[in-house]
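Each remark here refers to the structure printed beneath this line.
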Amino acid sequence: MVSKNTICLWYDGTALEAAQFYAKTFPDSAVKAVHHAPGDYPAGKEGNVLTVEFTVMGIPCLGLNGGPAFKHNEAFSFQVATDDQAETDRLWSAIVGNGGEESACGWCKDKWGLSWQITPRALTDAIADPDRAAAKRAFEAMMQMRKIDIATIEAARRG
């Protein structure tokens, strides 16, 4: 059954490559279908990959090879809740190590410019701590990080 709401992500001829990367990197992700252009279009020729249907962690997406006109930016990101440091490290390394780039506070970009928040559940719990002083310490520790270090967050939370 086709989803009523699908995220459409614009690529410059690399939608299939991106979808294949996401499918191998994230659980519950897959390339579902590849559609080729039935005719020439502004960013490509008849027979080129036009769209790719895929899922990222169960979320339906459509990769559109629409050309270079529109770029990804931080106004849209995938937030991935991780359960431990090993999962955090694995996903961060997969994205950054595949031509991506680090940013601050658990954010990184993949090589296509799509932003990802690799967010350990321990961080989410810490900054929502009802003890506002503990939450502030954890938040301030996070503000100094690129990839989130759970042990440092937990130590800051404890004071």
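The values are calculated or read from the model by the stated rules, or taken from the named source; none is laboratory data. These numbers were taken from a predicted model, which means no experiment stands behind them. Positions of Cβ are backbone-derived with ideal geometry, glycine not excepted, and every protein chain shown enters the neighbour counts. Accessible surface areas use protein heavy atoms only, side chains included; no ligands, DNA or RNA. Shrake-Rupley method; radii C 1.70, N 1.55, O 1.52, S 1.80 Å.
Over the chain, calculate the relative contact order: mean separation of alpha carbon pairs under 8 Å at least 6 apart, over the residue count, as a percent. Across the chain, relative contact order equals 18 percent. Given a 1.4 Å probe and the protein chains as shown, D125 ends up with an accessible area of around 90 Å².
What the chain shows is 55 Å² of accessible area per residue, with the surface traced by a 1.4 Å probe over protein heavy atoms. Restriction of the chymotrypsin sites (Phe, Trp or Tyr not before Pro) in region 62-111 to DSSP coil positions whose beta-carbon has at most 14 other beta-carbons within 10 angstrom yields F70, F76. Heavy-atom accessible area of V80 with all protein chains present, probe 1.4 Å, nearest 10 Å²? Rounded to the nearest 10, the figure is 10 Å². Counting only heavy atoms of the protein chains and using a 1.4 Å probe, K32 has close to 130 Å² of accessible surface. In order along region 95-110, the Karplus-derived 3J(HN,Hα) couplings, from 6.51 cos²θ - 1.76 cosθ + 1.60 at θ = phi - 60°, round to 6, 5, x, 9, x, x, 9, 6, 9, 9, 6, x, 8, 8, 10, 7 Hz, and Gly and Pro are given as x.
Split the accessible area of region 112-159 by element, probe 1.4 Å, and carbon with sulfur accounts for 52%.
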